[in-house]
Amino acid sequence: MTSIPSNTLHTDNYLNHTRGFMSWAFTLDHKRIGVMYLVSVLVAFFFGGMAALALRTHLIAPGTEMLSEDAYNQMFTLHGAIMVFLVIIPSVPAALGNFVLPIMLGAKDVAFPRLNLFSYHLWVIGAIFFLMSLFTGGLDTGWTFYTPYSTDTASAMGGVIPALTGAFILGFSSIFTGMNFIVTIHRLRPPGMTWFRMPLFLWALYATAVIQVLATPVLGITLMLLIVERAFGIGIFDPALGGDPVLYQHFFWFYSHPAVYIMILPAMGIISELVSVHSHKHIFGYRFIAFSSIAIAIFGFLVWGHHMFVSGQSALLNVIFSAITFSVSIPSAIKVFNWLATMYKGSISLNAPMLYALSFIFIFTIGGLTGLHLGTLATDVHLHDTYFVVAHFHYVMMGSALFAMIGGMHHWWPKITGRMYHELTSQIGAITVFIGFNLTFFPQFMLGSQGMPRRYHDYTGDMWLPETVELFHTYHFWSTIGSYVMAAGFFLTAGYLVHSIFRGKLAPANPWGGRSLEWQCTSPPPHDNFAKQPTVGDCYDFSVLRWDEAEQGYTWREDVPRPGEGDRDPYEKGELE
Amino acid sequence: MSVLDTISISSLAAADALPGRGFWMPERASTVAGDVDFAFNLITWISVFFFVLIVAVMAIFIVKYRRTNGREAEQTVTHHTALELTWTIIPLILVIIIFYVGMVGYLDLRTSPVDAYEVRVTGQKWFWTFEHPSGCIEVDVLRVPVNRPVRLVMGSDDVIHSLFIPAFRVKQDVVPGRYTTLWFEATRTGTFDLFCTEYCGTGHAQMVGHVIVYDEDEFDDALRECREWIEDIDDAQLHLAGANLFNRCQACHSLDGSPGIGPSFLETHEYFHDRRERDMIDGTRALVDENYLRQSILNPRWNTVAGYQPGQMPVFQGQLSERQLRSLIEFIKRLDEIELDDRGRPQVLSPDQIRELGGDSPNDAGAEQ
Amino acid sequence: MDDHGHDHPPHLGHHWADSQQQFEAGKLGMWLFLATEVLLFGGLFVGYAVWRGNDPELFQYGSQYLDTWLGAVNTAVLILSSLTMAMAVTYAQLNKQRALMVCLVLTFLGACGFMTIKYIEYTDKFQEGLFPGAAFYDGPKDRAASKYWVEGRPVITRETLLELKRGLGERVPESDIRRPERTRAIAQAEMSAIEPAAIGPRGMGEDIRRELRPRADEYPPPHPVQDPNRPTNAHMFFNIYFMMTGLHGIHVLVGMIVIGWLIVRAAKGHFNSEYYTPVDLGGLYWHIVDLIWIFLFPLFYLIH
């Protein structure tokens, strides 16, 4: 670390506090655990992405023989399972949340550091079980493990039980992270930080943690039932033995629909931070944004049946589920409008985090609005299980949740690594990914509404009408081209980020002008985060900061007293609380 | 209600005037398609409006309030309850309207008329079987009359499948252990796609068929042809008729020796030709003769060729007429006389073409084919 | 608060301000964990409700093969052990080391007693061949040793049972039939007018009650495999019985490990009125395990 004296991290920080593999693998420091999560999640993202590229390449034209049917089925299962269980669910809460949450609270660590480490180890064990499924016959059930396909040994491949076990373990990893965050937010808030003065990212993480704690156990029991059924064939979901295959779908979606909000809520929290910090303007409608997170978390538990409109569920249930589904769209809409209002008369820096935030708003608007098509009963019957659904959930889960995660990663990158990445390259990367994403997934809306079913290995054959094949070919072709553009963008991003670790400029404590507490400690933070517990003000009031040319970052304005020192902040005196 | 009805009727009229695919939706060929498309277009236009609004505002803000030349953010209010309530309540009203439109359309989709023409449907890995009241059983081809409600009563023999006809805007999962139903009334004659949309394993993408919509009188002829054509094929051409039935087998059995779920028919043909015995999974050996083939088709559970998983092949007992069964056996016996294309599929001739080869005059009942 | 790390007691983590904060956090964390436990079992309780709603006769029929006395004794044992656990927490707070030790050991013995009785019950079920799944229909392995098996009575297979029921004009749900072959799908198409998913709970119709009533006096009941009056899918009761009591049993085993660990630490004198968090939290866990059993006992053993 001393070879390049002019450009090296010299202060004692969490990265160089102790050394050696064991000091990382068994660390109790939330920052190191967060970094390990981040690296692991990105590695998993690489493999899931490679699977996606293979799928897209295979589908570029009808009749391609690149992947056999079974290989294709395994590939899309792998892609889905990796991306859902190993990437998106842990990406924001476990990776970024772990790093940022305690610092935002001015705390030294999360409430239960050992449990936190255990969560990470569970993640690794879960990932190993997923890998095992590849070597025990493969997994071709789709990430949803629908019965009776998954429990029928004559149908599904042999890797079902290891994969289910892996998902089970990952579920507990997620539960423990959620528990940790709830307790940390309840018990480790600093003096002066009331509930309504928490950064919105913390509200989002809190709402997420509630879902993680309350929904994931149901996934646990569902997977356990499935393992028992698969191993012993006792007939829980087998109609031949008096069981009900559709009951599984209820169990599964009772978790997996709230899981969608485990993915999107923390992403929305990140966007609230990014939009206000990079517009240098106070967030608009703080309480509406905070409450909408809670509303989404609550409504999210009541809408699982909208995945089953054509499953044979009764018409009455369908109508009820459809009605409640629409109620989720309102809080989402509120957030989007509030973000726009935050930008109004702001001072918008178009750096990479903000570009990802703007991409998020663009993409999430499309993803959310196409959700209306799917929540509406009459149209969902036509669109269910077609590429329209594929496009919709990629707009929401990838274009929204994952883009927010990448945006957040860019936002906190200086804090995590202590280095700045190259700005222009990062902007090019963000725009390339944005274009590639839309080119990949927008054609899939038309593909789906025109009737192309999802999870199809091929779209030609004796029974296909030629004009249908021709139309699908066009859309598939452009979708594949888009995926290459997006992949190029991601490789560029990976390139400049890795480059920045070794060659990047040293980061100031506060490169963007953020007001929440993580920007008040050094970059990277010291082992204990804060020597003295900081006092909290209004974390969205950016008028107290000014650009310091010497620091190349933002510092506190000399003419403004810090919170606790003066009487500038009405919150401080309890007038507005 | 009445307003909505008028709008949907007028959109249906527009559908008749403008057949063929739109940008979003495939052609409309059923009575409910107009309502579904009305709901779809309504939501799409509302979505387009909000999307354009949001993105335009965003773009204006980016341009206008860009951080250049030391521009600082102006302080504005940090919340405005009336404004927030506005953008809570307007979307709320809109989604209530959307929900209502969708619900009404959906209840129409679910409520089938009582006098509907009923077809029994069975989903199996990886083909559809359609059985008409008159006894015609066909695979992957659903023949229906135009302008008459049709009700499908569907069951599955293995895993969950889902029957989807895009042009009719209908879809319903097919679940083992229970019946699900689906109805439609076709408004236009022609051939339309039919897909399986619930992932069901290796051959999911092959579980594709046709819906053929006929005029009422042509429909009867088509059904008669479906029932009877194979009966008057000469024995000399019977193996060609077998190629017509082979699409039921092709998901698992290849003709060119390439591996599959079940043994390739090429191997079976060679065993038959040389009168050889095959190793079976229970350790015995079975002579491949006509009886072996008959048994393997009608009741494949009696035994399984070594190296393959038992229980994979559906039971065909009761699904094939004696003549159909013979044609399949002839097809395997005389596989060397069948032309294969480059993908290993047999050349399939229409009933008329087969009859012509036999020198018979084509049966006028099948002339429409 | 600023000079942390100097006057910290050994149990206090570096990120806490004081013992009180740490204790409260631990307690909140434990309650959250208990919430996940409740939801974990909640899935099975919902499953129970669905299956019972659909096929109440399965539960009325199956419960007669459970031993209510053993269940009741087990309930008493568990409630007593919960009491001793609560007393252990109090003695820890009062700094009474000896009484703490005695109570923890008593709780541990209660757990052992529960598992022993559970072992006896399970062994009995296995000997009688009352398994979950299709193995149920093989009957007991050692027929001579069976309480229920009567040599010479005919064996009623699933297929003959269906034939019998059809003969009586009873409508047999298609789900009762082995994976439906195509031919049967066609034969039964007259049932197609019913929308299956819309069927609510069938409820205990008067006819079902009448059929089962005289049998309540008959002990021992006939072995299900020989019983022409058994409901189709009688094994389903044992599916859910073994899943729920099995998962509960695993929780008792975990509880034994926890209590054992508490005993070891108590022996080392780790707990006192200043620091008793592990005893308190372990106690909470043990109470939830107890509480779940208090629901399981009536659901399986008592209500018919």
Fill in the blank from the handout: Residue set A:LEU226, A:LEU170; condition out of contact with any Asp or Glu (no Cβ under 7 Å at 6 or more places or on another chain) and within 14 Å of chain C (Cβ to nearest Cβ); output residue A:LEU226
Practice task
Taking A:GLY106 as the residue in question, decide whether it is farther than 17 Å from A:PHE172 by Cα, within 19 Å of the chain's Cα centre (by Cα) and touching a residue at least 12 places away in the same chain (Cβ under 8 Å).
Solution key: no
Problem - Options A:GLY269, A:GLY192, A:GLY242, A:GLY233: the member that is open to solvent by less than 10 Å² (accessible area, probe 1.4 Å) and either touching a Phe, Trp or Tyr at 6+ places or on another chain (Cβ under 9 Å) or within 14 Å of chain B (Cβ to nearest Cβ) (or both) - result: A:GLY269
Problem - Qualifying residue in region A:362-370 (condition: away from chain B (no Cβ under 11 Å) and open to solvent by 20 Å² or more (accessible area, probe 1.4 Å)) - result: no
Exercise for the section: Take region B:317-340 and flag every residue that is within 10 Å of another protein chain (Cβ to nearest Cβ) and open to solvent by 50 Å² or more (accessible area, probe 1.4 Å). Expected result: B:GLN317, B:GLY318
Exercise for the section: Output the number of residues of region A:292-327 satisfying the condition of being under 20 Å from the mean Cα position of the chain (by Cα) and within 10 Å of another protein chain (Cβ to nearest Cβ). Expected result: 1
Problem - Residue list for region A:149-168, restricted to those being open to solvent by less than 30 Å² (accessible area, probe 1.4 Å) and under 26 Å from the mean Cα position of the chain (by Cα) - result: A:VAL160, A:PRO162, A:ALA163, A:LEU164, A:GLY166, A:ALA167
Completion exercise
For A:LYS345, the lone unmet condition from (1) part of a helix (DSSP H, G or I); (2) surrounded by fewer than 23 Cβ atoms within 10 Å (Cβ to Cβ) is (1)
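Look through A:PHE196, A:PHE145, A:PHE168 and report the one residue that is in contact (Cβ under 8 Å) with a residue 12 or more places away in the chain, part of a helix (DSSP H, G or I) and in contact with a Leu (Cβ under 8 Å, 6 or more places away or on another chain).
Numbers: A:PHE196 fails: in contact with a Leu (Cβ under 8 Å, 6 or more places away or on another chain); A:PHE145 fails: part of a helix (DSSP H, G or I).
On inspection, the qualifying residue turns out to be A:PHE168.
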Handout entry: Every residue from region C:137-154 that is surrounded by fewer than 13 Cβ atoms within 10 Å (Cβ to Cβ) and either touching a residue at least 40 places away in the same chain (Cβ under 8 Å) or within 19 Å of C:THR232 (Cα to Cα) (or both)
Key = C:ASP138, C:VAL150, C:PRO154
Handout entry: Tally of residues being surrounded by 24 or more Cβ atoms within 10 Å (Cβ to Cβ), assigned to a helix (DSSP H, G or I) and among the polar types (S, T, N, Q) across region A:381-432
Key = 1
Fill in the blank from the handout: Residue set B:PRO263, B:PRO314, B:PRO310; condition surrounded by fewer than 18 Cβ atoms within 10 Å (Cβ to Cβ) and not in a helix (DSSP H, G or I); output residue B:PRO310
Exercise for the section: Kindly provide the set of residues from region B:315-332 that are at pLDDT below 85 and among the hydroxyl-bearing types (Ser, Thr, Tyr), ordered by number. Expected result: B:SER321
Problem - One residue from C:GLY62, C:GLY71, C:GLY47, C:GLY43 being buried (at least 19 other Cβ atoms within 10 Å of the Cβ), touching a residue at least 12 places away in the same chain (Cβ under 8 Å) and facing chain A (nearest Cβ under 8 Å) - result: C:GLY47
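Which one is nearest to the other protein chains (Cβ to nearest Cβ), of the residues in region B:215-251 that are in contact with a helix residue (DSSP H, G or I) (Cβ under 7 Å, 6 or more places away or on another chain) and small (Gly, Ala, Ser)?
Here is the first cut: in region B:215-251, the residues in contact with a helix residue (DSSP H, G or I) (Cβ under 7 Å, 6 or more places away or on another chain) are B:221, B:224-225, B:229-231, B:233-234, B:236-243, B:245-246, B:251.
Subset that is small (Gly, Ala, Ser): B:236, B:241-243, B:251.
Working: B:ALA236: 25, B:ALA241: 17, B:GLY242: 16, B:ALA243: 11, B:ALA251: 9 Å.
Once the filter is applied, the top-ranked residue is B:ALA251.
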Exercise for the section: Could you check, for region B:6-13, whether at least one of its residues is modelled with pLDDT of 85 or more, outside the structural domain of B:PRO133 (by TED's automatic domain parsing) and hydrophobic (A, V, I, L, M, F, W, C)? Expected result: no
Exercise for the section: Kindly provide the set of residues from region A:344-361 that are modelled with pLDDT of 95 or more and either farther than 23 Å from A:GLY408 by Cβ or facing chain B (nearest Cβ under 7 Å) (or both), ordered by number. Expected result: A:LEU358, A:ILE361
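Only residues that are hydroxyl-bearing (Ser, Thr, Tyr) and within 14 Å of chain B (Cβ to nearest Cβ): list them for region A:245-266, please.
Passing the criteria: only A:TYR248.
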Problem - Residue check for B:ARG178: free of Cβ contacts under 8 Å to residues at least 60 places away in the same chain, surrounded by 24 or more Cβ atoms within 10 Å (Cβ to Cβ) and out of contact with any Cys (no Cβ under 9 Å at 6 or more places or on another chain) - result: yes
Completion exercise
B:ASP158: passes all of (1) over 25 Å from B:GLN324 (Cα atoms); (2) facing chain A (nearest Cβ under 9 Å); (3) in contact with a Phe, Trp or Tyr (Cβ under 9 Å, 6 or more places away or on another chain) but (1)
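Does A:ILE103 count as open to solvent by 20 Å² or more (accessible area, probe 1.4 Å), in a helix (DSSP H, G or I) and of a type outside the set (Lys, Arg)?
Taking the combined requirement at face value, the residue does not satisfy it.
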Exercise for the section: Considering only region B:322-343, state which residues are assigned to a helix (DSSP H, G or I) and either under 12 Å from B:ASP235 (Cβ atoms) or of a type outside the set (A, V, I, L, M) (or both). Expected result: B:GLU322, B:ARG323, B:GLN324, B:ARG326, B:SER327, B:ILE329, B:GLU330, B:PHE331, B:LYS333, B:ASP336, B:GLU337
Handout entry: Matching option when the condition is at pLDDT 90 or above and either buried (at least 20 other Cβ atoms within 10 Å of the Cβ) or in a strand (DSSP E or B) (or both), among B:VAL104, B:VAL119, B:VAL48, B:VAL57
Key = B:VAL119
Exercise for the section: Provide a single number: the residues in region B:294-308 that are in contact (Cβ under 8 Å) with a residue 24 or more places away in the chain and within 14 Å of chain A (Cβ to nearest Cβ). Expected result: 2
Exercise for the section: For residues that are at pLDDT 85 or above and among the hydrophobic types (A, V, I, L, M, F, W, C), tally how many sit in region A:523-577. Expected result: 8
Exercise for the section: Kindly establish whether C:HIS223 is modelled with pLDDT of 85 or more, open to solvent by less than 10 Å² (accessible area, probe 1.4 Å), farther than 15 Å from C:LEU296 by Cβ and at the interface with another protein chain (Cβ under 9 Å from one of its Cβ atoms). Expected result: no
Practice task
Go through region B:182-202 and give me each residue that's at the interface with another protein chain (Cβ under 7 Å from one of its Cβ atoms) and either more than 25 Å from A:GLY243 (Cβ to Cβ) or open to solvent by 10 Å² or more (accessible area, probe 1.4 Å) (or both).
Solution key: B:THR191, B:ASP193, B:PHE195, B:GLU198, B:TYR199, B:THR202
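The values are calculated or read from the model by the stated rules, or taken from the named source; none is laboratory data. It should be emphasised that the depicted structure is a prediction, and the values quoted were computed from it without experimental measurement. Methodologically, a virtual Cβ is constructed for each residue, glycine included, from the backbone with ideal geometry; neighbour enumeration extends over all protein chains shown. Ligands, DNA and RNA are stripped out before the accessible areas are found, and what is left, the full protein with its side chains, is counted by its heavy atoms. Shrake-Rupley method; radii C 1.70, N 1.55, O 1.52, S 1.80 Å.
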